[in-house]
Amino acid sequence: MQNLIFLLPLYNDWKSVQKLIGNINGQVKTINHNADIFIVDDCSPDKEKLNIDDLANIKSLKIIRLNKNLGSQKAISVGLKYLKNIKKKSIITILDSDGEDDPAQIKNMIKSVKRNPNHVTVSCRDKRKEGLIFKLLYFFHKLITFLFTFKWISFGNYASFNSNLIKSILYDDSSWFALSSAYAKNTIIKRLYADRKKRYYGKSKLSLKALFVHAFRINCVFLYRVIFASFSYLFLIFYLNTFFFNLLILPIITFNFFSLIIYFQTNSKEYLHSKDLIKNVVVVK
């Protein structure tokens, strides 16, 4: 029986992660598995409150405490670097701790990994719970990303893969920018589809500003491709019609400008010393 590992980034959502752990326990029970859970605590100011009773299918539960707040993308990268040292072959599943990533999809994702051992199985988002404006902006974000990177990234962190693929995912510092881009750039993707659920508790923390920054971080992973595509589009537009060239030159240059700013603002040197970002590892079970 193949070992299952769940990696959950968390910032203060202890109530949500408690419910999620219970749901994971139920899901792995249906496929006759046990699981190890690693929570990456992104320097939460609130003290953890976890009840480990009635979790018969959770073999172990550990909390990787970070000594500074990094954000979910970097927290996951640190967690993956930690798991890289685990020698036992496992199927690793990453999902957010707030309940928006549907745990009912776990069974299908594990099956997919077993059928496609050299692929990263990602959960693409069908229906979303946000308002119309957010949905439209998210669609345009995917469209613009495709036009400049030639990658249709309709998925987030939620993915399952064999542990031997961690090295590929962490091949460069892509995961430090955006994990979804690291999947798309460094591995072969297998897509499944599921609705994005409502948070277990509280309101979504993803603001329009955060979506804006995240969109640029995704494109930063493909920076050279973005620059090449930009010049290609400008040349094509100029060759076909000078009016459209004048109309589109400013947004394209602005897009590249913000991409470069975010690229250089992201401290990849910090990633090289990610072990130093782990304060301690607490064994809960």
Select from 11, 60, 240 the residue farthest towards the positive end of the dipole of the chain; place +1 on Cβ of Lys and Arg, -1 on Cβ of Asp and Glu, and compute about the Cα centre.
-> 60
Check: C-alpha center segment 67-92 vs C-alpha center segment 170-185, spacing in Å is 13 Å
Amide hydrogen neighbours beyond the local backbone of residue 193, cut-off 5 Å, H modeled | 124
Among the listed pairs 87/197; 62/190; 68/88; 59/198; 59/185; 142/275, those beyond 31 Å (Cα-Cα) | 87/197; 59/185; 142/275
For residue 31 and residue 232, FRET efficiency with R0 = 41 Å and r from the beta-carbon atoms, rounded to 0.05?
-> 0.30
With R₀ set to 30 angstrom, the calculated FRET efficiency between the beta-carbons of residue 172 and residue 51, to the nearest 0.05, is 0.15
Final fewest-first order of 176, 152, 14 on the 10 Å Cβ neighbour count is 152, 14, 176
Express the Stokes-Einstein translational diffusion coefficient of segment 9-103 in µm² s⁻¹, to the nearest whole number, given a Kirkwood radius over alpha-carbon pairs, 20 °C and a viscosity of 1.002 mPa s.
-> 155 µm²/s
Sorted by Cβ density within 10 Å, fewest first, the residues 216, 235 | 235, 216
Using DSSP to define loop residues, name the trypsin sites (Lys or Arg not before Pro) in segment 59-90 whose beta-carbon has at most 14 other beta-carbon atoms within 10 Å.
-> 68, 84, 87, 88, 89
Histogram of C-alpha separations across the chain, 5 Å bin width, % = 1, 5, 12, 16, 18, 17, 13, 8, 4, 3, 2, 1, 0, 0
Return the single residue from 143, 223, 132 with maximal mean-square fluctuation; model: Gaussian network over the chain, springs between Cα atoms under 10 Å.
-> 132
What list do you get for 226, 282 if you sort them by fewest beta carbons within 10 Å?
-> 282, 226
Would you calculate, for the chain, the mean residue ellipticity at 222 nm contributed by helices, counting each DSSP H stretch of 4 or more residues as -39,500 (n - 2.57) and dividing by all residues, to the nearest 500?
-> -14500 deg cm²/dmol
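None of the figures in this text is laboratory data; all of them are computed from the coordinates on show. Predicted model only: the values in this text are computed from it and were never measured. So basically every Cβ, Gly included, is an ideal-geometry build from the backbone, and we count neighbours across all protein chains shown.
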